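Bear in mind these aren't lab numbers, they're just calculated from the coordinates by the rules spelled out. The structure displayed is predicted, hence computed values, not measured ones. All Cβ positions, glycine included, derive from the backbone under ideal geometry; neighbour counts span all protein chains shown.
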């Protein structure tokens, strides 16, 4: 759990949150979330530290499936949807880019502080995992509620779900079943995304934007 | 550490400050030229320029005062002083003492104060604008630098750069080290006026930041400015190199340090070739990001 490569991956995930919130081009945003997905996919392999000898088959499968779905399939779907839409960037978020970066920074700082208290004391290195998970969930939430474009909102949901996945890394040894559930949730997200993209955005919102009813 | 060892280290340090520092901008220029498909200036171009400038006459505007002459001199001296505090090479720095990290940050600030004062002293509108921008960026970069050093200090339990930089390593605190290194990389680019923040090649007064402040210096004073800038690049690159490298114990450490310094310069050249400069209004956000990175590193260390 305290492997140095593992903690670097957690830091990369944390930094990608900021990139997602700071990015205004939708294509860059999707690329970032795809990279985050691939990084998450590597995590189950490293969760033991550096032991590669007795790697359970389940972890390898979880890794591959996660990297494939989060890093390739969903981003490709989003990019494909983007090609059909006339929009290329998030123009008027409800909260501007800089204020939302400040909010994300506050959230991350709080996550780091609370991570120390919330982490189970028995697992060394768990504090950073909890901090990253909380920071990622909060960043995804921020992205989800402050942006107007449907694509950005989906990315926000993905980031939020990535945070849940990071949290699952704590339980990977105790309850591997939880990891499988996480993957299943991913699949649900994939289908959800597909459903929204193919059926709703283009038909109901020709501009690809959430509109106020008034 | 024996006396001969110490003497050897001081000699190598003096040689590094004199000859490797001007080499770093040469490496950057060479990498940029190679990527653009040009042959580029020789690696020792800055050494030659310095020798040439030293022989030249100096032109001084009649409206300037002593502040203008003091600018390059004080900047160079403070940077040299900083170079004696940061450990460059194995063993502690020549002037290492407990608490020197604060002095290090403020030596850089003092040098900047005199550079900008000299720019303001000329009375040129463009130079004043460059000075204002430079100070804006520096104020933000200083936060990142201080937080990063404090994180390393909290980890090592020491307030001397010579102790804390080698103790802060990847094995015991990976995440803070990564965050602080990334923040220092941004500080390095800002302090040495490199691409995402400033463009050393631009020739429009309106877009220059560091270059415009030194427009009025000529001859030996310009030489001091150029050498001071190269020295600052070396000092900050050494700061990052000591974070990335394992503790250097013997004089063989120079063999690891020098390639790392040149490699960092090559990386800057690569970065300058593949990225464009940030819009001026976006630079503060970039620097605040650096401050946040080292702030998170600090939080991870102290909580």
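Overview of values
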| read-out | value |
| --- | --- |
| For the range B:236-303 and the range B:135-209, distance of Cα centres in Å | 6 |
| Cα gyration tensor shape of the range B:118-160, rounded if a/c is under 1.5, else prolate or oblate by comparing a/b with b/c | prolate |
| Contour minus Cα-Cα distance for residue B:102 and residue B:14 (0.36 nm per residue) | 29.3 nm |
| Pairwise label distance in nanometres, residue B:117 with residue B:80, each label 7 Å out on the Cα-Cβ vector | 1.9 |
| FRET efficiency for residue B:278 and residue B:43, using Cβ-Cβ distance with R0 set to 22 Å, rounded to 0.05 | 0.15 |
| Distance in nm between pseudo-label sites at residue B:69 and residue B:109 (7 Å out along the Cβ direction from Cα) | 2.9 |
| For peptides A:129-136, B:236-243, sequence by mean Cβ density within 10 Å, most packed first | A:129-136, B:236-243 |
| Alpha-carbon centroids, the range B:1-48 and the range A:151-169: separation in whole Å | 47 |
| Prolate/oblate/rounded label for the range B:210-303 (Cα gyration tensor, a/c 1.5) | oblate |
| Extension gain from residue A:110 to residue A:76, taking 0.36 nm per residue of separation minus the Cα-Cα distance | 8.9 nm |
| Peptide B:276-289 - average C-beta neighbours from other chains (10 Å radius) | 1 |
| Extension gain from residue B:62 to residue B:135, taking 0.36 nm per residue of separation minus the Cα-Cα distance | 23.7 nm |
| Modelled FRET efficiency - R0 60 Å, residue B:218 with residue A:57, Cβ distances, 0.05 increments | 0.25 |
| Burial order of peptide ranges A:59-68, B:25-34, B:2-11, B:220-229 (average beta-carbon count within 10 Å, highest first) | B:220-229, B:25-34, A:59-68, B:2-11 |
| Shape call, the range B:29-98: gyration tensor on alpha carbons, a/c limit 1.5 | oblate |
| Peptide A:93-100 - average C-beta neighbours from other chains (10 Å radius) | 1 |
| Residue A:28-residue A:92 FRET efficiency (beta carbon distance; Förster radius 22 Å; 0.05 resolution) | 0.80 |
| Peptide B:164-172 - average C-beta neighbours from other chains (10 Å radius) | 1 |
| Cα-derived Rg over Rh, computed across the protein assembly as shown with Rh taken as Kirkwood radius | 1.02 |
